[in-house]
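Here's the structure, in structure tokens; my notes come after.
Here, each number is a calculation from the coordinates, and none is a lab measurement. None of these values were measured; they are calculated from a predicted model. Please note: Cβ atoms are built from the backbone with ideal geometry, for glycine as well, and neighbour counts cover all protein chains shown.
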Amino acid sequence: MRKTSVLSAVKKNPDSSDVCINCHAQITPIAIDSFDVLFSEHNLSRILNANFSYDEYVDILDNIFKKLDYANISGESPKEKVFQIANVFTYVVPKSSGIQRGEYGSQLILFDDRLDESLQTSTIIHELAHFLLFDITVNILSKILEVNPSPVIKSFVEHFLILPDIEVINEFYAHSVENRFIPLKYQNFNSFIKCVTDLNMGSEEIDVYIRIANSFAYEVIHYLQKYIDDDLREAIRLQFKIDMIEAKKLETDFGNMVCDPQKKNIIFLNLIGSHFEYLLNNEEAREELGYLKNRFEDFD
Ligand SMILES: [Zn+2]
């Protein structure tokens, strides 16, 4: 006679449960799929008191970049190669309208295909840098909250990274990554300068943000230059020459402004924590997240 297992009477918890459906105890969901579950005092305290080691951080970076080890980058031109590299991480799509050279939002990189090849290349690198900071932040937060990345986590991270203050970090960082791979005389910090001017930001605050941005940039460059290597950089340099792009040499050098990588992560986590706390206490402000969440769900 077949015995009915005791276990068969125990119901499986859905991935998003934060309370066990059998014994009603608090459990950590596998993935957070609602803002009410994300925005709790418990999660805020996890972020603010996170014991997040640099080794754990390096594991996240290793995991993100190892995708490139299995990729076949066969493009003929530097633009095609950089396009293929960026496509390993996320969706890269040409656009042919608007005045922005490139745009990044909700996992989608857009670049204007009417630009010279050299500028398409630098634009894709810049927008890829934005995606990578997004992906790194999603992974940090998921690790700290012990859940898998989900559209809910992603929409919170995107909302955080486009805050006017954080955009200063994000733009300086993306320009620094882009500048590493293009000839010196074509380097610029245009979007960063626009953000700082719009915000009328004080120089002390800017200093801290530049240090955070540069530290992130150096880490990402360290990984990317294995693939955007000497040969590809030389091909990019030649492409700029062929395209006869007008050059305006930078007047300022911010390259030596960095901060200790672990200190950078602690400051960054505190910035994430403050935005989390703001949204926890402001249900109205959370409405914007719903729109972002829908866009991420389209890609899931
Ligand atoms: Zn940018």
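Before moving on, here are some points about what is shown:
- Taking all pairs of distinct alpha-carbon atoms in region 131-240, Kirkwood radius in angstrom: 15.3
- Of all lysines in the structure, those lying under 21 Å Cα to Cα from LYS67, and not within fewer than 8 positions of it along the same chain, are LYS79, LYS81, LYS143, LYS154, LYS226.
- Per-residue Cβ neighbour rank within 10 angstrom, fewest leading, THR197, THR121: THR197, THR121
- Ranked for footprinting exposure by Cβ neighbours inside 10 Å, fewest first, HIS159, HIS130, HIS24, HIS222 give HIS24, HIS222, HIS159, HIS130.
- Translational diffusion of region 189-300, estimated by Stokes-Einstein from the Kirkwood radius over alpha carbon pairs at 20 °C in a medium of 1.002 mPa s, is 119 µm² per second.
- Kirkwood hydrodynamic radius of region 240-300, Cα pairs, Å: 16.4
- For the chain, the longest principal axis of the Cα atoms and the long axis of helix 54-65 meet at an angle of about 70 degrees.
- Counting 0.36 nm for each residue step from GLU204 to SER53 and taking away their Cα separation leaves a gain of 51.6 nm.
- For region 24-71, diffusion coefficient by Stokes-Einstein and Kirkwood Rh (Cα), 10 °C, 1.306 mPa s, µm²/s: 117
- Charge dipole (Cα centre; +1 on Lys/Arg Cβ, -1 on Asp/Glu Cβ; no other charges) of the chain amounts to roughly 760 debye.
- Of the trypsin sites (Lys or Arg not before Pro) found in region 208-300, those that fall in a DSSP loop while having at most 16 other beta-carbon atoms within 10 Å are LYS226, LYS248, LYS249.
- The share of Cα pairs per 5 Å bin across region 27-179, counted from zero up to the longest distance, runs 2, 9, 16, 19, 19, 14, 10, 6, 4, 1, 0 percent.
- For the chain, the longest principal axis of the alpha carbon atoms and the long axis of helix 78-89 meet at an angle near 10°.
- Where Rh is the Kirkwood radius over Cα pairs, Rg/Rh for region 162-212: 0.98
- Take the Cβ atoms of ASP260 and ILE193, set R0 to 25 Å, and the FRET efficiency comes out at 0.45.
- Candidate cross-link partners of LYS185 among the lysines, defined by an alpha-carbon separation under 17 Å and a same-chain spacing of 8 or more, comprise LYS241, LYS248, LYS249.
- Positive-end residue of LEU289, LEU224, ALA213, charge dipole of region 166-293 with Cβ unit charges: LEU224
- Both radii were evaluated on the Cα set of the chain; the Rg over Rh quotient, with Rh as the Kirkwood radius, amounts to 1.03.
- Separation in nanometres of the label points that stand 7 Å from Cα toward Cβ, at SER97 and GLU287: 2.7
- Lys, Arg +1 and Asp, Glu -1 on Cβ, resulting dipole of region 32-124 about Cα centre, debye, nearest 20: 260
- Helix 151-161 vs. the chain, principal-axis angle (Cα, 0 to 90°, nearest 10): 40
- Bins of 10 Å, starting at 0 and running to the largest distance - Cα pair percent for region 72-120: 27, 55, 18, 0
- Annotation: amide H-H contacts under 5 Å for LYS95 (H modelled 1.01 Å from N, sequence separation of 5 or more, or interchain): PHE111, ASP112, ASP113.
- When you filter the chymotrypsin sites (Phe, Trp or Tyr not before Pro) in region 270-300 for DSSP loop state and at most 11 other Cβ atoms inside 10 Å of their Cβ, nothing is left.
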